[in-house]
Amino acid sequence: MNFYEVIKKRCSIRSYKPNPVEEEKLNRILEAARMAPSAANRQPICFVIIKDEKTKQQLKRVYDEKWFYTAPIIVCVCSIPEKAWIRSDGRNYADIDAAIAMDHLILAATEEGLATCWVAAFKVSILKSLLKLPPGMEPIAMTPIGYPQDIPEPTYRKPIEDIVKNI
Ligand SMILES: Cc1cc2nc3c(=O)[nH]c(=O)nc-3n(C[C@H](O)[C@H](O)[C@H](O)COP(=O)(O)O)c2cc1C
């Protein structure tokens, strides 16, 4: 696939086959995430990889959707605001850096024939304690990673003129 084909192919998958993800594929997509740019190259991020069945069961308290747990791997990207670049107006770029790295990971997974789904609607404080995140580490998003069971129809996008302003 070329880059634009990957972009078109990626979609939110909400049902997964139980087949495991090959370790080489996981390593390649994590490497893609590692290569992501970050403001002032601070790299204020951490990926937590969840494969352990017991932890996955416990995660149901955090995000209660059955489909989420059909995938063999769940990845949580965290930001570390105290390590991030801060713009002169005070805006901290940690969460943006985490989102860029997660997008690299998700697009690389697509290239590998794997399915993903951005998830942010989780209970933050329970997740922090379940994953034993140190103070200062903020969970920003999760995604399951696995082979797709059902592929949905493409979702709506606004026309280009609604999102681009030419001046
Ligand atoms: C930051 C972010 C958070 C999201 N959180 C959730 C979520 O908690 N649960 C969910 O089912 N989908 C979630 N989504 C998926 C979006 O609903 C989905 O990307 C959007 O509807 C477009 O569909 P597509 O991904 O198939 O192109 C999230 C997406 C993003 C980018």
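Any read-out appearing in this document is the output of simple, stated calculations on the displayed coordinates, not a laboratory observation. The structure displayed is predicted, hence computed values, not measured ones. Reconstructed Cβ throughout: ideal geometry from the backbone, glycine too, with neighbour counts over all protein chains shown.
Laid out as a table, the results:
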quantity	calculated
Search result, residues across the range 103-149 that are of a type in the set (Val, Ile, Thr), out of contact with any Asp or Glu (no Cβ under 7 Å at 6 or more places or on another chain) and not in a helix (DSSP H, G or I)	Thr116, Val119, Thr143, Ile145
Residues within the range 85-104 that are surrounded by fewer than 22 Cβ atoms within 10 Å (Cβ to Cβ) and away from the ligand (no atom under 13 Å from the Cβ), tallied	10
Residues that are assigned to a loop (DSSP other than H, G, I, E, B) and within 21 Å of Arg34 (Cβ to Cβ), drawn from the range 89-102	Tyr93
Selection from the range 124-137 of residues that are within 16 Å of the chain's Cα centre (by Cα) and exposed (fewer than 14 other Cβ atoms within 10 Å of the Cβ)	Val124
Within the range 1-88, helices (runs of 4 or more DSSP H) holding 1 or more residues that are of a type outside the set (Lys, Arg) and within 20 Å of Ala101 (Cβ to Cβ)	3-9, 23-34
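A quick yes/no check of all residues on (1) in contact (Cβ under 8 Å) with a residue 40 or more places away in the chain; (2) closer than 30 Å to Pro154 by Cβ; (3) surrounded by 12 or more Cβ atoms within 10 Å (Cβ to Cβ):
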| position | (1), (2), (3) |
| --- | --- |
| Glu23 | no, no, no |
| Glu53 | no, no, no |
| Lys66 | no, yes, no |
| Ile73 | yes, yes, yes |
